[in-house]
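Below are the structure tokens for one structure; questions will follow.
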Amino acid sequence: MDLKQELLTYILKEHLPGEAPDSLKPDDDLIGSGILDSLAMVNLVTHLEKHYGIVVGAEEMSPDNFGSVSALARFVAGKQASA
Amino acid sequence: MNLVELLDATAARQPEHAAIIGPADGEVLSYAQFRTWVDETAGLLADHGVRKGHCVGLHCPSGRDYIRLTYAIWRLGACVVPIPTELSAEEKMRVCQGIALDHVLSDRKGQGALSPALAAPVQRVDDFIGIAPAKRYRETPAGFAEVNAAFIRFTSGTTGTSKGVVLSHETIRDRIHAANEALKIGSGDKVLWLLSMSYHFAVSIVAYLSFGAAIVLARNHFAKFLIDACNRHGVTLIYGAPMHYELMAHESGSERLPGLRLAISTTIALNRSTVEAFDRRFGHTLSQALGVIEIGLPCIDLYMRPDKWGSVGKLLPAYELRMEDVGLGGELRRIKFRGQGFFDAYYDPWRTREEVMADGWFDTGDLGVLDSDGYLFIKGRSKDIINVAGMKFFPQEVEAVLNAFPGVQESCVFARKHELFGEVPHAQVVLAKPDAVAEPELKAFLGQHLAPYKIPEQIEIVPALVRTASGKLVRDEHRIK
């Protein structure tokens, strides 16, 4: 499974439990939709750090990096490549 | 006495004043509108059988609905039992089994996880929530009816031996007055709210609505949006966790927060780097409050003094502090408090405040030093709580799940420092035999039983756990490595 699909599956399972698999698209707005509240962000960042071995800095937690599943996948891939 | 009366008084005093602003643009509820909404909701809940003395499990995300449902339950003389939405399905079931609930109220999205705890199908209350009678897993404790209970927080409590902390309406009223001697919240305040309402409500939301402030709800918690919300709505006070201030301090823009009066951090000690970065970015000194579920906010450090770094501040006037010499040497003492607004009882096993505080003092279990200027420094805790961005849990809960996995012989879970969240859990595991466990399966197993923030960031396979001479597990990361 590619990174984007993995993240999509994770966010669906953790943050939209019970929703149909096609209810979240890679470019859907995670911020405006209210999916990423404070606790969701804590859970998502701890998941990224545990699962992908990256460290997310405070300055990186921005809408540019977390605004959609596609943006998140780009961010994680970039962090892994520069590690 | 009922806390709804304090809301009624505010609504009578300032009906047109904003009570709740946001989260969507242009969404403003005045005190009069909010009180009407509470009354309408109470009417609907009464139609579905909610009565005085009932315990109602509330499973709902933080927001306007959480606030109106809590007040509507109180309007009927019933007690709120938060079922945090962030818990795993299994953890939610433990709340339903641990407290004798009469009803479960849930937002429609979250009803699935609670279905085993329901005695009948969910009935629609309105577009947002449904209600169902709860299965009875236990009897209500004999003394419960004597407490005018507003909340039961299903937590292990500060001392870790009891389940469920019962807070009455009178207790919460006393708490908010005690805290407001320092915070001085009034109708001129607009408070940006950032924490989980399942864990933070009494000395915050209730205080704001009782003292006539407006609550500003953010649409999300990205720093850019928080700063924007502050300036757009004229926020005077922020109530958040260190993580929120760390994020705001590192936001790449240049907007300041000119209207800000207080930015209070709670849940876990602030890092000095966060305080300094926030000061550099906004020219504002953060405040820190010590919150204890059984007590309220006994200490607040309003303007953190550089020479008092690491202190939780000075004691509020409503509290007394006893630093008890327990033979630890130096100035280290055991921290005990007494004062107004203390918890009413532990739920299971049922123990009243008077029984728990036999000598009149509440023993926090924490160790600390009180300096000559009256600043309290907490130097250690006699318990093993792990605190991830303000969400606290005991390591034993995670160890029990790890130990239940086939092939795991024993485990030890402890806190590791984390730059953004303060702490994250880390696990060491001893296997019954080499290669007995595949880590992906073990993590998946943990994911089924625990909320994501409780899952260890790393699971280390070790030949043996570190123990003290008396055989107790060592959970101090500095002593383990």
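The values are calculated or read from the model by the stated rules, or taken from the named source; none is laboratory data. Computed from a predicted model, the values in this text were never measured in an experiment. As a convention, Cβ positions derive from the backbone with ideal geometry for all residues, glycine included, and neighbour counts pool all protein chains shown.
Go through the range B:6-34 and give me each residue that's in a helix (DSSP H, G or I) and either within 27 Å of the chain's Cα centre (by Cα) or without any contact (Cβ under 8 Å) to a residue 40 or more places away in the chain (or both).
Residues satisfying the conditions are B:Leu6, B:Leu7, B:Asp8, B:Ala9, B:Thr10, B:Ala11, B:Ala12, B:Tyr31, B:Ala32, B:Gln33, B:Phe34.
Something else now. Mind counting the residues in the range B:444-466 that are loosely packed, with under 15 Cβ neighbours inside 10 Å and under 31 Å from the mean Cα position of the chain (by Cα)?
Number of matching residues: 4.
Quick check: anything in the range B:135-142 free of Cβ contacts under 8 Å to residues at least 40 places away in the same chain, over 25 Å from the mean Cα position of the chain (by Cα) and over 15 Å from B:Gly57 (Cβ atoms)?
yes
Oh, and also: Could you tell me which of the residues B:Thr266, B:Thr285 is of a type in the set (Ser, Thr, Tyr) and away from every other protein chain (no Cβ under 14 Å)?
None of the other options fit; the residue is B:Thr285.
With the condition being at pLDDT below 90 and not hydroxyl-bearing (Ser, Thr, Tyr), I'd like the strands (runs of 3 or more DSSP E) fully within the range B:263-367 carrying at least 3 qualifying residues.
B:287-292
Among the residues of the range A:49-83, which ones are of a type in the set (S, T, N, Q), farther than 24 Å from B:Thr274 by Cα and either free of Cβ contacts under 8 Å to residues at least 24 places away in the same chain or surrounded by 18 or more Cβ atoms within 10 Å (Cβ to Cβ) (or both)?
Correct list: A:Ser68, A:Ser82.
Out of B:Ala415, B:Ala432, I need the residue that is in contact (Cβ under 8 Å) with a residue 12 or more places away in the chain, touching a strand residue (DSSP E or B) at 6+ places or on another chain (Cβ under 7 Å) and surrounded by 15 or more Cβ atoms within 10 Å (Cβ to Cβ). Which one?
Checking each option against the conditions leaves just B:Ala415.
Next question, about the same structure. Assuming B:Ser210 fulfils every condition listed in (1) away from chain A (no Cβ under 14 Å); (2) within 14 Å of B:Ala150 (Cα to Cα) apart from one, which condition is it?
Every listed condition holds for B:Ser210 apart from (2).
Okay, next question. Might you let me know whether the range B:447-459 holds any residue that is over 17 Å from B:Phe393 (Cβ atoms), at pLDDT 85 or above and away from chain A (no Cβ under 14 Å)?
no
Now, a different point. Restricting to the range B:100-123, and then to whatever is over 22 Å from the mean Cα position of the chain (by Cα) and under 16 Å from B:Pro61 (Cα atoms), can you tell me which residue is surrounded by the most Cβ atoms within 10 Å (Cβ to Cβ)?
B:Gln111
Follow-up. Please determine whether any residue of the range B:175-193 is within 14 Å of another protein chain (Cβ to nearest Cβ), crowded, with 23+ Cβ neighbours inside 10 Å and at pLDDT below 95.
yes
Is it fair to say B:Gln97 is more than 30 Å from B:Asp363 (Cβ to Cβ), over 20 Å from the mean Cα position of the chain (by Cα), touching a residue at least 24 places away in the same chain (Cβ under 8 Å) and surrounded by fewer than 22 Cβ atoms within 10 Å (Cβ to Cβ)?
For B:Gln97, the condition - more than 30 Å from B:Asp363 (Cβ to Cβ), over 20 Å from the mean Cα position of the chain (by Cα), touching a residue at least 24 places away in the same chain (Cβ under 8 Å) and surrounded by fewer than 22 Cβ atoms within 10 Å (Cβ to Cβ) - is not met.
Then there's this: Give the range B:410-427 a look and list any residue that's at pLDDT 90 or above and more than 12 Å from B:Pro456 (Cβ to Cβ), or say none.
Once the filter is applied, which keeps residues that are at pLDDT 90 or above and more than 12 Å from B:Pro456 (Cβ to Cβ), the range B:410-427 yields only B:Glu410.
Sticking with this one: If a residue has to be facing chain B (nearest Cβ under 9 Å) and not in a helix (DSSP H, G or I) to count, how many in the range A:42-66 make the cut?
Residues flagged as facing chain B (nearest Cβ under 9 Å) and not in a helix (DSSP H, G or I) within the range A:42-66 amount to 5.
Picking from B:Ala358, B:Ala389, which residue would you name as being touching a residue at least 60 places away in the same chain (Cβ under 8 Å) and of a type in the set (Gly, Ala, Ser)?
The unique qualifying residue is B:Ala389.
I've got another one for you. Which residue pairs have Cβ atoms closer than 8 Å, lie 6 or more positions apart in sequence or on different chains, and pair a first residue in the range B:168-184 that is closer than 14 Å to B:Phe343 by Cβ with a second residue that is among the aromatic types (Phe, Trp, Tyr)?
So the pair list comes out as B:His169/B:Trp74; B:Thr171/B:Phe342; B:Thr171/B:Phe343; B:Ile172/B:Phe151; B:Ala178/B:Tyr319.
One line per residue, one yes/no per condition, for (1) within 14 Å of another protein chain (Cβ to nearest Cβ); (2) at pLDDT 80 or above; (3) within 19 Å of the chain's Cα centre (by Cα):
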residue: B:Lys392; (1), (2), (3): yes, no, yes
residue: B:Pro406; (1), (2), (3): no, yes, no
residue: B:Val429; (1), (2), (3): no, yes, no
residue: B:Ala469; (1), (2), (3): no, no, no
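Take B:Gly374 and tell me if it is touching a Lys or Arg at 6+ places or on another chain (Cβ under 9 Å), more than 22 Å from B:His200 (Cα to Cα), at pLDDT below 85 and not assigned by TED's automatic domain parsing to the domain that holds B:Ile459.
Spelling it out, it is not the case that B:Gly374 is touching a Lys or Arg at 6+ places or on another chain (Cβ under 9 Å), more than 22 Å from B:His200 (Cα to Cα), at pLDDT below 85 and not assigned by TED's automatic domain parsing to the domain that holds B:Ile459.
Keeping to the range B:222-253, report how many residues are buried (at least 23 other Cβ atoms within 10 Å of the Cβ), facing chain A (nearest Cβ under 10 Å) and not in a helix (DSSP H, G or I).
3
Only one residue in B:Leu321, B:Leu316 is aliphatic (A, V, I, L, M), buried (at least 19 other Cβ atoms within 10 Å of the Cβ) and over 22 Å from the mean Cα position of the chain (by Cα), so which one is that?
So the residue among B:Leu321, B:Leu316 that is aliphatic (A, V, I, L, M), buried (at least 19 other Cβ atoms within 10 Å of the Cβ) and over 22 Å from the mean Cα position of the chain (by Cα) is B:Leu321.
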